[in-house]
1. Of the residues B:130, B:154, which is away from every other protein chain (no Cβ under 13 Å) and in contact with a Leu (Cβ under 8 Å, 6 or more places away or on another chain)?
2. What tally of residues in segment A:151-172 results from selecting those that are farther than 18 Å from residue B:69 by Cα, within 14 Å of chain B (Cβ to nearest Cβ) and not β-branched (Val, Ile, Thr)?
3. Within segment B:62-85, identify whether any single residue is crowded, with 22+ Cβ neighbours inside 10 Å, out of contact with any helix residue (DSSP H, G or I) (no Cβ under 6 Å at 6 or more places or on another chain) and closer than 28 Å to residue A:179 by Cβ, and answer yes or no.
4. At pLDDT below 90 and surrounded by 19 or more Cβ atoms within 10 Å (Cβ to Cβ): which single residue out of A:141, A:161, A:195 fits that description?
5. Scanning for something within 14 Å of chain A (Cβ to nearest Cβ), exposed (fewer than 14 other Cβ atoms within 10 Å of the Cβ), part of a helix (DSSP H, G or I) and not basic (Lys, Arg), does segment B:23-46 turn up at least one residue?
6. Would you please name the residue that is nearest to residue B:183 (Cα to Cα), looking only at residues in segment A:53-82 that are among the β-branched types (Val, Ile, Thr) and at the interface with chain B (Cβ under 9 Å from one of its Cβ atoms)?
7. How many residues are surrounded by fewer than 16 Cβ atoms within 10 Å (Cβ to Cβ) and of a type in the set (S, T, N, Q) when one looks only at segment B:110-158?
Amino acid sequence: MSDLLNVLTEHSDEIGGGLWVTFRLVAAAFAIALVVGTVVAALRIAPSVWLRRLGGVYVETFRNIPLLVLLTLSYAGLRRAGVEIGQWSAGIASLGLYTAAYVAEVLRSGVFAVSKGQIEASLSLGFSYRETLRRIVLPQAFRTVIPPLGSITIAMIKNSAIVGASIIALNDLLKNARIVQAQTFKVEESFLWAAVGYLLLTGAVTIAFRMLERRLAISR
Amino acid sequence: MGYLFDPDNWEWLITGRNARFVLEGFLVNLQIALIAMFFSLVLGLGLALLRLSRVRGVGAATGLWTDLWRNLPLILVILYLAIALPVTWREAYEDHAPGFLPEALQTGRVFAALLALVLYNSAVLAEIMRAGIQSLDRGQGEAAAALGMSYAQRMRLVILPQGLRRMVPATISQLITLNKDTTLVSIIGIQEVMRHGRILTGNNFFGGVQAPVLQVLIFVGILFIVVNLLLSRLSRRLEIRERERTGTTIEPVSGLEDQVTTATAR
């Protein structure tokens, strides 16, 4: 038991620093996932067939390709091709673009969950297509997508551990825990603290999304 | 763009046994996926039933177990087991691994990888199945009980066929995730498609052409996309057929295995 605490106190720099790197990685990738995911979702529900197909190709590509392939491709692949991409850019872009496909699907299903009658009512009241989307559809869609967005964020935090384990080797929580393990030979303790770190992050996200959901809930 | 489509950069693919070598690696991934799928589905169903057990403590204990495994990053579990698994276990696996498996699947490390994949995926699948069972109308089970059916009969004849059928899309979506996750085992040194790709892009290999990393990985990515699209096509086919045949509603999901469990659990 004392070993457990010793590993934490003697290597708080590695573990705390790793947690901070994981946090920044996840935050930046989440921002990209939201922006790209929204654009792709807009393509998926666009009035033009070709735009819808384009969105579909994005989703099917990024959802069916392993994240490890994306990470290696964006770092080693681009560098070999002469593009001087950094560890952070490659990690954030891969994780963000990968997650964006899932975000797009959630947003799309959120829009479809708004009943058709609402849209018809809004149009018949004289709202334009854009106004209907902005005032009627999106506010309702946003509420329904909050729980699944929370799940995606949690999945992304877990997936972020692959960035440090891949060729990108960013010093994230898991990577640093493995460094501590290699230095101290304390396998259980090192991995346990990494697990605790990830559970802390996912726990915080769970609570944050639950609060957001409660705050935005409409009293009916 | 020029670099991407430059025929020189694709020459590796038709040189020597390169394409075959990548495909051989991919086959290892598929085999790992199939083995892990089988055990995850079986164990997942068992966990789902235990989770719903009315015996005191069993449900809560199973819930703790599944929540633990499904909230940890899979790669953490893989790396941990690769180091921490007792040597005797690995040796036992090496001794008993069936001979028809390829050489890459005979090493003890594969046991750690399979164990991690099954622990994680059985937990996720158990939650999906539990959500499916619980989303059924209570009256179904009650009616079956009123007809004099035993617990086993109720489960086998009434509850599971309906509850699990609803969750076919979510289950297949998780199996696609499992399929993608098999690439993670390359990190603990199992010779599968990522490792084979790495070998091709290293020093001159078959045919003396050094393959560019980007093109090799695009090829690997396409292999995964093809197999996973076939899986989701299968899911859609099953869904439509079942809906026509039975008139049951199926939970609509779109590649969001974790979402289903949280959405239906509340």
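The values are calculated or read from the model by the stated rules, or taken from the named source; none is laboratory data. The structure presented is a predicted model; accordingly, all values stated were derived computationally and were not measured. Cβ coordinates were reconstructed from backbone atoms using ideal geometry, including for glycine residues, and neighbour counts include every protein chain displayed.
1. From the options B:130, B:154, the qualifying one is B:130.
2. 6
3. yes
4. A:141
5. Scanning segment B:23-46, I find no residue that is within 14 Å of chain A (Cβ to nearest Cβ), exposed (fewer than 14 other Cβ atoms within 10 Å of the Cβ), part of a helix (DSSP H, G or I) and not basic (Lys, Arg), so the answer is no.
6. A:69
7. Summing the residues that are surrounded by fewer than 16 Cβ atoms within 10 Å (Cβ to Cβ) and of a type in the set (S, T, N, Q) in segment B:110-158 gives 4.
Conditions (1) surrounded by 15 or more Cβ atoms within 10 Å (Cβ to Cβ); (2) modelled with pLDDT under 95; (3) in contact with a Phe, Trp or Tyr (Cβ under 9 Å, 6 or more places away or on another chain), marked per residue:
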| residue | (1), (2), (3) |
| --- | --- |
| A:17 | yes, yes, no |
| A:22 | yes, no, yes |
| A:25 | yes, no, yes |
| A:28 | yes, no, yes |
| A:31 | no, no, no |
| A:36 | yes, no, yes |
| A:43 | yes, yes, yes |
| A:65 | yes, no, yes |
